[in-house]
1. Please compute the net charge surrounding A229, taking Lys and Arg as +1 and Asp and Glu as -1 over other residues with Cβ under 9 Å from its Cβ.
2. Considering every Cα-Cα pair within the stretch 55-131, what fraction, in whole percent, is farther apart than 22 Å?
3. Could you check the simple spin-label distance between E317 and E247, using points 7 Å along Cα→Cβ, in nm with one decimal?
4. Rounded, prolate or oblate, given the Cα gyration tensor of the stretch 135-182, with a/c below 1.5 counting as rounded?
5. Starting from the 7 Å offset along Cα-to-Cβ, what nm value, one decimal, do you get for the label separation of N94 and L255?
6. In debye, nearest 20: dipole of the stretch 17-398 around its Cα centre with unit charges on the Cβ of K, R (+) and D, E (-)?
7. Given 0.36 nm per residue, what is the gain on full extension from Y164 to E17 after removing their alpha carbon distance, in nm?
8. So which lysines pass the test for K111, namely a Cα distance under 30 Å, with those fewer than 8 places away in the same chain ruled out?
Amino acid sequence: MSRPTVTPSLPKKQWYERINIRGYTQFRINSVLWNDESQAPPYHPADKSIGPFNEFFIRRCRIIFSGDLSDRLYFYIQPDFASSVSGARDGVTNFTQLRDCYGDVYLSENKVNRLRLGLSKVPFGWDNMQSSSNRLPLDRSDPINSAINGERGMGIFYYWTPEYAQDLYKEVLDEGLKGSGNYGVFGIGVYNGQGVSRFDENSNMHFVMRLELPWKNDRGQIMEAGVQAYTGSYSPYVAPIDTSFGEVVPIPDPLNGVLDQRIGGTFVYYPQPFGFTTEWNVGDGPQLTDLDLPQPIIRSRPLNGGYVLLNYKIDTEDWGIVFPYFRWQQYKGGYLWEKNSPDTFLNEFNLGVEWQSSPRWNSRWNTTGRIGRTRDPTPRSSTTITPSFRATCCDFSFR
């Protein structure tokens, strides 16, 4: 009589064997093709690499440490070695800055319920949630990205992600469909509201809520639709400006924080092979006003804006994956995280193509055309506007 076969159990991994290390770097070559030299030099709030003299630039250089320390605890730490620091003299760049540092505490074994504590992305805007290593345009859209400085905040968030949604989020990333990752079907939380790696400047925390529903139809097409909103008080960072009355410093109204609130909608049609994404938000936020008076004021003013992104996924046998794309965006309102929260109106298009020659290497060509005006956030003049311009950029990324 034969004995039953006993399969030896695999040894349990130690905590340090569960740690993953990965990262990516984006290297750019920029060129301003046209701008009105009689006005202020080209300036792009979301991309400091665009300028009159800058060409070679390291946009991002990041290493990510992550892993499951236990069945109920996940950690994620991400420093960036190519950050710019406000106030740095003589054009010095490539500072190290902590971008993420948080822990996920799973409240259930199936990971449906979890708490996230620490410095992490604030769940507002699909475009903000998407990693820069996955995004097609070189930088995030201004209408959505203008909401939260660095897309991140220090706080605590609760995420609910049913198992079907966990599978869909994973499928989108595994298939290379440019997803945003798992930030829950429902998310809610509080955070400091001043932006990434900044002290809170008032005792009023921001509150955020997001509902995002992913689904797959009978043809296998994956889509997402959602709504998100936040509210709080933001303390603008101020600097002297020159007016007809002399050099003055704008005053926030009220002094303990200006009303900052938005609500936005999202729809994503993943590229299988044609893709379509659109987001729009409206609200009230800090904005520089009363420039014709002796004392300029930063007060809450209406804002609105959004974008439309079209893309197409081309899989080739010998040349990898090619992603042509086109994005149009429009925004009217204040840039709360710029000094003095300058008022802005813009229309911008981005036309480009990404070539993923291998899983570890891709390159992008992008041309940007911007029509609009922005009150100059530098102390040179409060009435100088950032002119319309057109620029082209090549971006090389490896991971």
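Just so it is clear, none of the values below were taken in a lab; they were calculated from the coordinates. A quick note: this is a predicted structure, and the numbers were derived from the prediction, not measured. Virtual Cβ from ideal backbone geometry, glycine too; neighbours counted across all protein chains shown.
1. +2
2. The answer is 39 percent, as a whole percent.
3. Computed distance between label sites E317 and E247 equals 6.8 nm.
4. Taking the square roots of the gyration eigenvalues as a ≥ b ≥ c, the stretch 135-182 is oblate.
5. Those two pseudo-labels are separated by 4.4 nm.
6. 200
7. In short, 50.1 nm is gained.
8. Partners found: K12, K13, K121, K170, K178, K216.
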